[in-house]
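Below you'll find the structure, written out as structure tokens, and then a few comments.
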Ligand code: ADP
């Protein structure tokens, strides 16, 4: 738990710092990009300097992308938790996620049966799935498969004794797995650290999984990772079951109190 607290505090500090810098930096980038545009408009594309200026513009665009990601990470987004059926939320995102991973990679969607409701901001689910799917895509060299799955799981005392950080209870499970390059032990140890990345600097910020971790912790959930080099990676996210008084599923325990009135 102490380790988790430390991680969350560190992320907040990094977030604040990065957010402040990103904001001012973004304004200056706006000026650079604006002037580059003005010059480009005046220039004949055949001129020798046109290509150089286009490169400057492209680099500026990439920097702007990066600062936008930093700002999104740093922004203390006000969350609006709602009671959700994860199957519906995921199904609604599937088209976007399929486009995100590209047509060379298969997407498999395996909704669990009677998945327990969770209470979370749907935008956070979007964020989590988008980050995990982008990572899965980047881990796959050319062809491969990303699988998204949901389900229910109960952790008992015994399980939690053996798995540090887990708390007994009922959880809704969201799994994203890929058959990509996997991770070695050293990478695995660092993946949730803000700014840890093994990707080229114009591809990765190292904030994706730090964000996922933050979202899961904020919602009293857990995350674990199984990864094997050359075989693939599975991220499992456990979110606490949301209990409502209304009868959502016609299962025994829900019907009994309702029948009594
Ligand atoms: P970024 O994607 O910007 O590098 P992340 O925090 O999302 O930042 O990921 C950190 C690192 O974790 C990645 O650079 C990569 O090395 C590793 N990683 C994350 N997801 C996967 C995956 N599905 N397969 C293999 N490696 C992964």
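Coordinate-derived values only; no laboratory data. Note that the structure is a prediction, hence the values are computed from the model and not measured. Here Cβ is always computed from backbone atoms with ideal geometry, including for glycine, and neighbour counts include all displayed protein chains.
Quick look at the numbers
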read-out: Of all residues in the stretch 118-131 being within 13 Å of the ligand (Cβ to nearest atom) and over 13 Å from residue 204 (Cα atoms), the one that is nearest to the chain's Cα centre (by Cα); value: 128
read-out: Extreme residue, farthest from residue 231 (Cα to Cα), among residues of the stretch 166-178 that are surrounded by fewer than 20 Cβ atoms within 10 Å (Cβ to Cβ) and under 18 Å from the mean Cα position of the chain (by Cα); value: 173
read-out: Selected residue (criterion: farthest from the ligand (Cβ to nearest atom)) from residues of the stretch 178-192 that are closer than 18 Å to residue 6 by Cβ and free of Cβ contacts under 8 Å to residues at least 40 places away in the same chain; value: 189
read-out: Filter pass, residue 148 being touching a strand residue (DSSP E or B) at 6+ places or on another chain (Cβ under 7 Å) and crowded, with 17+ Cβ neighbours inside 10 Å; value: yes
read-out: Scan of the stretch 166-177 for residues that are in contact with a helix residue (DSSP H, G or I) (Cβ under 7 Å, 6 or more places away or on another chain) and away from the ligand (no atom under 15 Å from the Cβ), ordered by number; value: 166, 167, 168, 172
read-out: Selection status of residue 49, touching a strand residue (DSSP E or B) at 6+ places or on another chain (Cβ under 9 Å) and either part of a helix (DSSP H, G or I) or closer than 30 Å to residue 222 by Cβ (or both); value: no
read-out: Contacts under 6 angstrom Cβ, first residue in the stretch 206-219 being farther than 14 Å from residue 69 by Cα, partner part of a loop (DSSP other than H, G, I, E, B) and near the ligand (Cβ under 9 Å from one of its atoms), 6 or more apart; value: 213/192
